[in-house]
Structure formats: structure tokens, C-alpha cells
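Structure, as C-alpha cells:
The values are calculated or read from the model by the stated rules, or taken from the named source; none is laboratory data. These numbers come from a predicted model, not from an experiment. Neighbour counts run over all protein chains shown; Cβ positions are idealised from the backbone, glycine included. Only protein heavy atoms, including side chains, enter the accessible area calculation; ligands, DNA and RNA are left aside. Shrake-Rupley method; radii C 1.70, N 1.55, O 1.52, S 1.80 Å.
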Amino acid sequence: PVPSRRFGLSLGVDVVPHKVCSHDCIYCQVGPTDRLTAEREEFYPVEEILADVAAALEDGPKPDVITLAGSGEPTLYASLGALIDGLHALAKIPVLLITNGATLFCKEVADAALKADILAPSLDAGDAATFERVNKPAPGVTFDRFVEGLRDVTSRHTGEVRLEVMLIKGVNDSDESMRAIAEVARTLRFDKL
């Protein structure tokens, strides 16, 4: 577990290979996306991940959250729902899903995301042009589908929703851009921004 300013002591679980992502965000701290895709895959066996988490829980301090994030987009992991179920069975620790939200419009992704105790989706743009410029999504991921998925999942999520917005100087921080982001945010259910 590592300290997180936003979520307390966090045990991070990376469920996709390095930089496999549905976005190639211009601000990504991990660097450019190696494989831009919206296709979900079974990257690692669920049992292997659960065994690794169990070992980490035995060896280290008890985390405040188990965080599904990492160096790529966790919703691209095809067995995300089964993994979250397994994590809930393994420990009574909230599961946090940090996601760019790109594929929440897909039923299977939405169903899996709804299982997380805490959902932290991103919203970096309030219009299609800014979305393309900032997030550079995979083919098939449009701004309208992205917002549709965010609205659906945040409205149905029964746990905490923490909407995350990244403002980039000179890119999406103008009054006009921030008003557009705020307009989209007003259509979402969230507990923290």
C-alpha cells in the first residue's frame, strides 16, 4: 500500500499491461499510450491477481482502499466484474475504480464499474473537440458515447462517485472550456469533484 492524497492508504492493482489504454491523454503521468484500444481482454487470470492481492494484504499494512488503476485503463480488463467480486470476498476493504470512463457506455463495462465501492471517473472536456484534443480516444470512443456512459453509470452507482477533472493550462482551462465541463458535470451524479 502507498499513501494517496485523495484516497488514504491505497493498495494499487494494475490489471492491464503497461500503457494499454482507451485514451492517449496529453497529460498522462505514465507517458504516451503504447496500445490505443477500446477492446477488452483477459490480460491475467483473476485467480493470479487475487492471490497477489491476498499476499500483499498479509505482508503489508491494511489499506484504506484497494485501487484498480495503474499504468493503463482498468476497464479494458475483461474479467473486471469477477475480479471486484473476488476482492470483496477476499477482504472487507472498499474497492476503488479509477477510470477514464471511455467505455462506460458498454453494458459489460458499466455492470463491472457498478460493483466498485468507489468510482472515480474522469471528465476533462465539455465538448467533442476538446475531448479529442485532451484525451485522444481510441477509435469508436466518441464524446457523446463517453458522456452517455458517464451519465448512466453515475446515476445508477450506489456507492461514492468522485468525479476527477484535469485542467491543462492553455488547453481546457479557459472560462468557456470550464463552463462546458461544468455543464456536463451538472448532468452527472457525484459526491466529490
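Of note:
- C-alpha long axis of helix 80-90 to longest principal axis of the chain, angle in °: 40 degrees
- For the chain, the longest principal axis of the C-alpha atoms and the axis of helix 175-185 are separated by about 50°.
- Neighbours of LEU119, meaning other residues whose beta-carbon lies under 9 angstrom from its beta-carbon, give a summed charge of -1 when Lys and Arg score +1 and Asp and Glu score -1.
- Prolate/oblate/rounded label for the range 87-182 (Cα gyration tensor, a/c 1.5): prolate
- The simple Förster model, with R0 at 25 Å and r as the Cβ-Cβ distance, assigns GLU41 and THR142 a FRET efficiency of 0.70.
- Computed E for ALA51/VAL2 - FRET, C-beta separation, R0 25 angstrom, nearest 0.05: 0.80
- Result for the chain in a Gaussian network model with C-alpha springs under 10 Å: among GLY60, GLY81, GLY70, the largest mean-square fluctuation is at GLY60.
- With Cα atoms, 0 to 90° folded angle of helix 143-156 axis to the chain main axis: 50 degrees
- Between ALA185 and ALA89, the contour length at 0.36 nm per residue exceeds the alpha carbon distance by 31.2 nm.
- Among 29-41, 115-127, the order from most to least packed when residues are scored by Cβ within 10 Å on average: 115-127, 29-41
- Helical mean residue ellipticity (222 nm; -39500 (n - 2.57) per DSSP H run of 4+; nearest 500) of the chain: -10000 deg cm²/dmol
- Accessible area per residue for the range 26-128 is 42 Å², calculated with a 1.4 Å probe on protein heavy atoms, without ligands, DNA or RNA.
- Shape category assigned to the range 1-158 from the gyration tensor of Cα positions, a/c cut at 1.5: prolate
- Gaussian network model of the chain, springs between alpha carbon atoms under 10 Å - residue of THR103, THR142, THR154 with greatest fluctuation: THR142
- Unsatisfied cross-links (Cα-Cα over 25 Å) in the set LYS92/LYS115; LYS19/LYS62; LYS115/LYS136; LYS62/LYS115: LYS19/LYS62; LYS115/LYS136
- With each label modelled as a point 7 angstrom along the Cα→C-beta vector, the HIS18-ARG162 pair spans 2.7 nm.
- Here is the size of the range 114-164 from its Cα atoms: Rg then Dmax, 11.7, 32 Å.
- For the chain, the relative contact order comes to 21 percent (Cα pairs under 8 Å, sequence separation of at least 6).
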